[in-house]
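Colleague: Dumping the structure here so I can ask a few things about it.
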Amino acid sequence: MTTNPFASVKLLRVPERPERILTKEEEDRLLAACSRVHASLLRTSVLIALNTGMRKGEIHGLQWEHLDLPNRLITVLNGKTDESHRRIPMNDVVFELLSSLWQVRKGDFVFPSPRKKNERFRDPKVGFMKAVRLAKIPHIRFHDLRHTFATRLVRSGVDIITVQKLLGHSNITTTSRYAHSSADAKMEAVKRLDFVGVR
């Protein structure tokens, strides 16, 4: 019988990098910095992420056929899992941005490659990191815009199941990780007991 030579090896614990939530002031600084960076449609993709919770790849893979502008719906078909395939309503910010892009569209992709005809834009990482440095916001990644979207929804009273469906998560546990309650929200929750006569 053979034994696994690695059975007694302890795996190194990789510390999880805490997810960040942008404050409104940080968001304003980031958007202003995006306008100063020479990166195609960076500000637009940041705003769409903050207002839809879509992943970076989902945003840059969007094709015009995925959008229903009259009914203000985005259909996500290139998600990570079957649950990622979903429909996201557009708020006014997203509707106006996408309507403007529709007027000047070139090809099938909402975010076309500036270099290759009829290919999607690949990755705004370099431009995004330049904007982050300009805005002087520490420890922020593009994915944290998705986390900001989810957390803001929960803090404004949206139920966790609706947040789960908007994010395209397969289980509620994943959504709960994105939507941590703030200390103020926890305090407000326990204060409600003062008014229900539970003694």
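Rule-based calculations on the coordinates, nothing more; no lab input. Nothing here was measured: the structure is a model prediction, and the numbers come from that model. Note: ideal-geometry Cβ built from the backbone for every residue, glycine included; neighbour counts use all protein chains shown.
Colleague: State to the nearest 20 debye the size of the charge dipole of region 35-152 about its Cα centre, where the only charges are +1 on K and R beta carbons and -1 on D and E beta carbons.
Modeller: On the way: 22 positive and 11 negative charges, 135 e Å.
Value, rounded to 20: 640 debye.
Colleague: Which of Lys24/Lys136; Lys24/Lys125; Lys56/Lys130; Lys106/Lys130 have a Cα-Cα distance over 20 Å? Don't jump to the answer; show the numbers that get you there.
Modeller: Working: Lys24/Lys136 14 Å; Lys24/Lys125 22 Å; Lys56/Lys130 17 Å; Lys106/Lys130 27 Å.
Where the Cα-Cα span goes over 20 Å, the pairs concerned are Lys24/Lys125; Lys106/Lys130.
Colleague: Excluding Leu22 itself, what net charge comes from residues whose Cβ is under 12 Å from its Cβ, given Lys and Arg +1 and Asp and Glu -1?
Modeller: Spelling it out: positives minus negatives among the neighbours equals 0.
Colleague: When only alpha-carbon atoms are used, what values of Rg and Dmax, in angstrom, describe region 24-181?
Modeller: Cα only, region 24-181: 15.3, 45 Å (Rg, Dmax).
Colleague: Moving on to the next point. Report the one residue of Gln63, Val132, Leu153 whose Cα lies farthest in the direction of the positive end of the charge dipole of region 24-181 (charges on C-beta: Lys and Arg +1, Asp and Glu -1; origin at the Cα centre).
Modeller: The listed residue farthest towards the positive side: Val132.
Colleague: So between Asn4 and Arg141, what do we pick up on full extension, going 0.36 nm a residue minus the alpha carbon distance? Walk me through the intermediate numbers first.
Modeller: On the way: separation 137, 0.36 × 137 = 49.32 nm, distance 3.86 nm.
Extra length available between Asn4 and Arg141 comes to 45.5 nm.
Colleague: So the label point goes 7 Å from the Cα of Asp92 along Cα→C-beta, right? Which residues of region 48-63 then have their backbone N under 20 Å from it?
Modeller: Correct set: 48-53.
Colleague: Continuing with the same structure: Between Lys117 and Val104, what is 0.36 nm times their sequence separation minus the Cα-Cα distance? Round to one decimal in nm.
Modeller: Details: separation 13, 0.36 × 13 = 4.68 nm, distance 1.49 nm.
Stretched out fully, the Lys117 to Val104 stretch lengthens by 3.2 nm.
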